[in-house]
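The values are calculated or read from the model by the stated rules, or taken from the named source; none is laboratory data. Note that this is a predicted model, so its numbers are computed, not measured. Here the Cβ positions follow ideal geometry from the backbone for every residue, glycine too, while neighbour counts run over all protein chains shown. Just so you know, the surface numbers come from the protein's heavy atoms only, side chains and all, with ligands and any DNA or RNA stripped out. Shrake-Rupley method; radii C 1.70, N 1.55, O 1.52, S 1.80 Å.
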Amino acid sequence: MLKEIIIAFESYFKAHQFIREHRLWRWIIIPGILYMFLFMAGMYFFLGSSNAAVNYFSNLIGIDSWLQEQKNPLLNFLFVMGNIMVRLLLVFFYFSLFKFLFLIVGSPLFAYLSEKTESILEGQDLPFSFRQLLKDIFRGIRLALRNMLWQTVYTISILILSFIPVVGWVSPMLSLFSECYYYGFSMVDYSCERRKLSPAESIRFITDHKGLAIGNGLLFYAMHAVPVIGWVLAPSYAVVAATLSVRQLENK
């Protein structure tokens, strides 16, 4: 799996060179700007609502007053860490919902960009098929909904784990890898579909090569650390990188 994560990382750098060489910027910038505005708006509303929700339940349960009565530094420390873990998990949960919404909305563009990347690699223009594009779109939406269901189950389980002192501190890391895996899953699936793999076969292939999905998702989220530019480039770079990584895996 580590080798596949490295392949996924290398594919992002190759994707940048590929996009520059073949002048694909119009397929990168336009959806990227849309994603950036959606991301900024979502984060603005999420941060306010999540803080209000955590404070509301904290006051409802009466944790703060109980801790003041106990006057135990260790308990205070454990609950502060638990509060941080819960807030981090809420951020990842927001990313999860936002990610699947954008994957559904951006499915036509992602399917086309992945196909165009493949056609350039093949050295020939693949004939455009509106029927095939519709199949790619509906398949992407169907798998996105399937993954959203499973990831919600895992997120709830991880959220419960976060309430266990000390042990729960690993919950953000588990949530991060889950988030990265399911985002990369959607990116890799566009290549699987073109290879005529059924949804079940695609799930099995990506499960066997989960390093490609995790690595793709990790760098996608890492790009968010660069404001504006990273937000604009991240979605389409992930599509091109996933297509290149599957091709590199086949060549090996």
message: For segment 102-111, give me each residue that is touching a residue at least 24 places away in the same chain (Cβ under 8 Å) and open to solvent by 30 Å² or more (accessible area, probe 1.4 Å).
response: I104, P108, L109
query: Would a scan of segment 62-82 turn up a residue that is touching a Phe, Trp or Tyr at 6+ places or on another chain (Cβ under 7 Å), modelled with pLDDT of 70 or more and buried (at least 17 other Cβ atoms within 10 Å of the Cβ)?
result: no
query: Which one of the conditions (1) charged (D, E, K, R); (2) open to solvent by 40 Å² or more (accessible area, probe 1.4 Å); (3) more than 17 Å from M1 (Cα to Cα) does R247 fail to meet, given that it meets all the rest?
result: (3)
query: Pick from segment 113-127 the residues that are part of a helix (DSSP H, G or I) and without any contact (Cβ under 8 Å) to a residue 24 or more places away in the chain: which of them is most open to solvent (accessible area, probe 1.4 Å)?
result: E122
- prompt: Any idea how many residues of segment 204-252 are in contact with a Cys (Cβ under 9 Å, 6 or more places away or on another chain) and farther than 17 Å from F95 by Cβ?
  reply: 4
message: Scan segment 168-176 and tell me whether some residue there is modelled with pLDDT of 85 or more and either among the small types (G, A, S) or open to solvent by less than 10 Å² (accessible area, probe 1.4 Å) (or both).
response: no
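Each row is one residue, and each column tells you yes or no for (1) in contact with a strand residue (DSSP E or B) (Cβ under 7 Å, 6 or more places away or on another chain); (2) under 19 Å from I19 (Cα atoms); (3) buried (at least 22 other Cβ atoms within 10 Å of the Cβ); (4) in contact (Cβ under 8 Å) with a residue 40 or more places away in the chain.
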{"residue": "L149", "(1), (2), (3), (4)": "no, no, no, no"}
{"residue": "Y154", "(1), (2), (3), (4)": "no, no, no, no"}
{"residue": "Y181", "(1), (2), (3), (4)": "no, no, yes, no"}
{"residue": "R195", "(1), (2), (3), (4)": "no, no, no, no"}
{"residue": "K210", "(1), (2), (3), (4)": "no, no, no, yes"}
{"residue": "N216", "(1), (2), (3), (4)": "no, yes, yes, yes"}
{"residue": "M223", "(1), (2), (3), (4)": "no, yes, no, no"}
{"residue": "P227", "(1), (2), (3), (4)": "no, no, no, no"}
{"residue": "V240", "(1), (2), (3), (4)": "no, yes, yes, yes"}
message: open to solvent by less than 50 Å² (accessible area, probe 1.4 Å), at pLDDT 90 or above and either polar (S, T, N, Q) or over 9 Å from the mean Cα position of the chain (by Cα) (or both): is that true of S202 in this structure?
response: no
